[in-house]
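Heads up: the structure comes next, in structure tokens.
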Amino acid sequence: MKIRYAKRDDVKTILDLIIELAVYEKLEHEVVTDVETLEEWIFDKEKAKVLIGEVDNKVVGYCLYFYNFSTFHGKAGIYIEDIYVKKEHRGQGYGKLFFKKIAEIAEDEGCPRIEWSCLKWNKPSIDFYESLGAEAQNEWIGFRLSGNNIKKLAEK
């Protein structure tokens, strides 16, 4: 698999992959983005980076990441928002190649951490992550503010 950074003309492909991932995660009802929004936030505002995986010039998956910050380390880390390999291409080591690429980026840029989230029911992915040496962060609870709750808080 060849991994490359996404280009602006990949936005429709990125959206299609996001939708495929959402269907896999049983969360397709939560996808509200579109091509224009992704293009603005990924390429104009540069708030995320996307890696595209290709085999024989055909897209087999993607990885979308951005930088967070560790106050304890005083350095930026990498947060993987999405990592997805199409169903027909799983089990061939492509997911591991995406993680290897992210690890190379983290090493090159001096990032002390790579973090991501996984749905509790996704045992195949959890097993895969643990095989890479990743450790579940069970002592932390994830929280999220969204939609009207952000608006209400901002108005107070």
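Would you mind stating whether Gly53 is small (Gly, Ala, Ser) and either surrounded by 17 or more Cβ atoms within 10 Å (Cβ to Cβ) or within 16 Å of Ile18 (Cα to Cα) (or both)? Spelling it out, Gly53 is indeed small (Gly, Ala, Ser) and either surrounded by 17 or more Cβ atoms within 10 Å (Cβ to Cβ) or within 16 Å of Ile18 (Cα to Cα) (or both). Is at least one residue of the range 91-105 free of Cβ contacts under 8 Å to residues at least 12 places away in the same chain, charged (D, E, K, R) and farther than 30 Å from Trp140 by Cβ? Checked the range 91-105: no residue is free of Cβ contacts under 8 Å to residues at least 12 places away in the same chain, charged (D, E, K, R) and farther than 30 Å from Trp140 by Cβ.
Filtering the range 136-145 for residues that are crowded, with 17+ Cβ neighbours inside 10 Å and out of contact with any Gly (no Cβ under 8 Å at 6 or more places or on another chain) leaves an empty set. Residues that are touching a residue at least 24 places away in the same chain (Cβ under 8 Å) and more than 23 Å from Val32 (Cα to Cα) within the range 123-156 comprise Phe128, Leu132, listed in sequence order.
Does Lys75 qualify as being closer than 23 Å to Leu15 by Cα and surrounded by 14 or more Cβ atoms within 10 Å (Cβ to Cβ)? Criteria not met by Lys75. For the range 1-81, the strands (runs of 3 or more DSSP E) that sit wholly inside it and include 3 or more residues that are closer than 22 Å to Ile114 by Cα, within 13 Å of the chain's Cα centre (by Cα) and of a type outside the set (Gly, Ala, Ser) are 49-55, 58-70. Would you say Ser146 is modelled with pLDDT under 95 and either acidic (Asp, Glu) or within 20 Å of Glu25 (Cβ to Cβ) (or both)? Yes, satisfied.
The set of residues in the range 117-148 being part of a loop (DSSP other than H, G, I, E, B), out of contact with any helix residue (DSSP H, G or I) (no Cβ under 8 Å at 6 or more places or on another chain) and of a type in the set (Gly, Ala, Ser) consists of Ser117, Gly133, Ala134, Gly142, Ser146. Before we move on, is Val85 surrounded by 13 or more Cβ atoms within 10 Å (Cβ to Cβ), within 22 Å of Lys26 (Cα to Cα) and either at pLDDT below 95 or touching an Asp or Glu at 6+ places or on another chain (Cβ under 7 Å) (or both)? Considered against the rule, which asks whether it is surrounded by 13 or more Cβ atoms within 10 Å (Cβ to Cβ), within 22 Å of Lys26 (Cα to Cα) and either at pLDDT below 95 or touching an Asp or Glu at 6+ places or on another chain (Cβ under 7 Å) (or both), Val85 comes out as no.
The values are calculated or read from the model by the stated rules, or taken from the named source; none is laboratory data. For clarity, every value in this text was computed on a predicted model and none was experimentally measured. All Cβ positions, even for glycine, are placed from backbone atoms using ideal geometry, and neighbour counts span all protein chains on display.
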